[in-house]
Amino acid sequence: MTEFIKTIGVLIVAFMTVYVIITLTQSKNNSGIIEGMENETAPKSGEAGSAASYADSIKAQNVKIQDELLVPKYRKDYENTIIHMDDLVGTMMIKQIQNMTVGGSDSKSLMLSLNNLNTLKMAKESLGVAMKYLDGM
């Protein structure tokens, strides 16, 4: 009887070992990492030796977006969009200022309103940068 239990125990350990080896092998193949080297299809960052390929992937993405936008054909439409958005943000700034509650004991409300106003200011600055970039294209 004890011989039978030992044999069952050895079989269970053997099956568990085979299962673990198969699981580790499959997860290694699914992750795209082979023998400690990363898959080169998409560099994660510009660190060390992958900086050149990372820069190339950024350039390729930029070209792809430029091809989608067709800036020479739709330049005037993009300029009008930026101008109208700038006007909208300016109007929203005036509305934000008019809706501020000054005084009283609720300083959190005033701080939130000022933060919203500052966000709108940064949006106007970003639109200016976008227009300058569009003019340079």
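The values are calculated or read from the model by the stated rules, or taken from the named source; none is laboratory data. If you're wondering where the values come from, they're calculated on a predicted model, not measured in any experiment. Note that each Cβ is placed from the backbone with ideal geometry, even for glycine, and that neighbours are counted across all protein chains shown.
Pairs only if they're at least six apart or on different chains, beta carbon under 8 angstrom, first in region 107-128 and assigned by TED's automatic domain parsing to the domain that holds L88 and under 18 Å from V89 (Cβ atoms), second at pLDDT below 95 and of a type in the set (S, T, Y); list them, first residue then second.
Final answer for the pair search is S113/T101.
Return the residues of region 30-89 that are at pLDDT 70 or above, at positive phi and either assigned by TED's automatic domain parsing to the domain that holds M122 or not in a helix (DSSP H, G or I) (or both); say none if nothing qualifies.
L70
Just to be sure before I move on: is E3 of a type in the set (D, E), over 30 Å from M137 (Cβ atoms), modelled with pLDDT under 70 and not assigned by TED's automatic domain parsing to the domain that holds M131 in the structure I sent?
So E3 fails the test.
Tell me, please, whether a residue that is in contact with a Pro (Cβ under 9 Å, 6 or more places away or on another chain) and surrounded by 11 or more Cβ atoms within 10 Å (Cβ to Cβ) can be found in region 57-66. Show your work before the answer.
Keep residues of region 57-66 that are in contact with a Pro (Cβ under 9 Å, 6 or more places away or on another chain), which gives 57.
Adding the requirement that they be surrounded by 11 or more Cβ atoms within 10 Å (Cβ to Cβ) leaves 57.
Yes, region 57-66 contains a residue that is in contact with a Pro (Cβ under 9 Å, 6 or more places away or on another chain) and surrounded by 11 or more Cβ atoms within 10 Å (Cβ to Cβ).
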